[in-house]
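Undergrad: Please read through the structure below; I'll follow up with questions.
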Amino acid sequence: MSLEHHKNATLRFQQQVDNSRDYVVPFIQLEFPQMEGLRVMEVGCGEGGVLTPLLEKGCNCVGVDLAPARIELAKSFLQRYVDAGQLKLIAKNIYDVDFLGEFRHSFDVIILKDAIEHIPDQEKIIGHLKQLLTPRGQVYFGFPPWYMPHGGHQQICHNKFLSMVPYIHLLPTPVYRGVLRLFGEEDDIVQDLMEVKSTGISIERFERIVKRQGYKITQRRFYLINPIYKYKFGVSAREQWKPVAAIPFIRNFVTTCMYYMIKPE
């Protein structure tokens with residue numbers, strides 16, 4: 001059952017705007033209370049909804065995405081900020097030499113919202129981001145832990161039953177693939193879900209990478225109910241119960257979203 005926001009770019013953009021305004025930006029402000037003039041980049045910016053409230057607060061932003069079509073969508077929503085010189089939208093890989101040459105040590109805040117769980121070499125990108133941060137810079141991450149009920153993004157399935165079944169993504173890969181095909185999922189959906197299965201990240205693995213790459217965590221928040229669910233499903237966000245959040249591994253199964261701010265040590 002592919003949800004409406006999967007097909008409707010305008011709805012998806014507005015959900016991103018609302019979630020960013022109500023939850024992402026206030027979380028970033030715990031470290032950067034004064035936002036006007038802040039230099040911000042979002043990796044995997046999509047339609048640009050996450051950046052919109054930051055632009056409204058006077059930040060100077062760069063949105064980068066590998067998909068040119070999504071960059072064009074972002075321009076259609078945010079053209080006035082582009083024309084004003086407050087926003088630059090780029091379809092490019094941040095590993096490109098010319099990108100690093102232009103933006104080395106440029107950003108006070110780098111945002112990866114619902115992105116890190118899709119990136120194959122997470123250790124590489126987390127380490128690479130240091131080269132793009134200013135001396136006071138920090139990185140924001142928001143992502144669903146892999147082991148949570150729909151951590152495999154199976155909600156994109158066209159089959160209504162599969163889209164609602166929790167934890168099905170934890171089946172062994174051949175079994176999971178077989179189940180998806182048995183219920184008639186198309187090849188592109190199967191491929192997308194297999195890619196997420198190969199890159200999904202747990203709370204513990206993320207924090208190990210952060211430590212190995214020489215960062216420290218400055219802010220961390222566990223959500224029992226992901227804030228974005230408020231806009232997608234009408235269910236209010238709820239932070240995770242602290243005793244549960246303190247239990248390694250187990251917490252992954254009942255925590256639907258993590259927010260982090262990290263900075264180089």
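The values are calculated or read from the model by the stated rules, or taken from the named source; none is laboratory data. As the structure is a prediction and not an experimental result, all values here were calculated from the model. FYI the Cβ positions are ideal-geometry reconstructions off the backbone, even for glycines, and counts take in every protein chain you see. The area values use the complete protein model at the heavy-atom level, side chains included, leaving out ligands, DNA and RNA. Shrake-Rupley method; radii C 1.70, N 1.55, O 1.52, S 1.80 Å.
Undergrad: Over the stretch 127-199, what is the relative contact order in whole percent, taking alpha-carbon pairs under 8 Å and six or more residues apart?
TA: Values: 52 pairs, mean separation 19.0, N = 73.
26 percent.
Undergrad: How much of the DSSP bridge set in the chain is antiparallel, in percent, rounded to the nearest 5? Don't jump to the answer; show the numbers that get you there.
TA: Numbers: 15 of 34 bridges.
Of all bridge pairs located within the chain, approximately 45 percent are antiparallel.
Undergrad: Still on this structure, please answer the following. Might you work out the accessible area of Ser106 for me, using a 1.4 Å probe with all protein chains in place, and round it to the nearest 10 Å²?
TA: Accessible surface of Ser106 is approximately 10 Å².
Undergrad: For the stretch 210-265 and the stretch 8-78, what is the separation of their Cα centres, given in Å?
TA: One Cα centre to the other: 20 Å.
Undergrad: Summing +1 for each Lys or Arg and -1 for each Asp or Glu, what net charge is found among the other residues whose Cβ lies under 15 Å from the Cβ of Pro248?
TA: Result for the local shell: +4.
Undergrad: Give a residue-ordered list of calculated ³J(HN,Hα) values for the stretch 218-228 (Karplus: 6.51 cos²θ - 1.76 cosθ + 1.60, θ = phi - 60°; whole Hz; x for Gly, Pro).
TA: 9, 9, 8, 9, 9, 10, 5, 10, 4, x, 5
Undergrad: A further question on this structure: Can you send over the carbon and sulfur percentage of the accessible area for the stretch 116-265, probe radius 1.4 Å, protein chains only? Kindly include the intermediate steps, with their values, before the conclusion.
TA: Working: 4100 of 7200 Å².
Exposed carbon and sulfur together represent 57 percent of the surface.
Undergrad: While we're looking at this one, here's another question. State which helices in the chain qualify, where a helix is a whole DSSP H run, it must extend 24 Å or more along its own axis by its Cα atoms, and its mean Kyte-Doolittle hydropathy must be at least 1.6.
TA: none
Undergrad: Let me ask something else. For the chain, compute the orientation-averaged projected area of the C-alpha convex hull (one quarter of its surface), in nm².
TA: 13.6 nm²
Undergrad: Further, regarding this structure: Add +1 for every Lys or Arg and -1 for every Asp or Glu among the other residues with Cβ under 15 Å from the Cβ of Val17, and state the total.
TA: +1
Undergrad: How high is the relative contact order of the stretch 36-163, in percent, with contacts defined as C-alpha pairs under 8 Å that are six or more residues apart?
TA: Relative CO of the stretch 36-163 lands at 23 percent.
Undergrad: Then there is this: Can you tell me which of Cys45, Cys61, Cys157 moves the most in a GNM of the chain? Springs connect C-alpha atoms under 10 Å apart.
TA: Cys157
Undergrad: Excluding Tyr260 itself, what net charge comes from residues whose Cβ is under 9 Å from its Cβ, given Lys and Arg +1 and Asp and Glu -1?
TA: It works out to a net charge of +1.
Undergrad: Counting only C-alpha contacts under 8 Å and six or more residues apart, can you give the relative contact order of the stretch 128-265 as a whole percent?
TA: Taking the mean separation of contacting Cα pairs over the length of the stretch 128-265, I get 35 percent.
Undergrad: Using the heavy atoms of the protein chains alone and a 1.4 angstrom probe, what is the accessible area of the stretch 4-58 per residue in square angstrom?
TA: Heavy-atom accessible area per residue stands at 39 Å².
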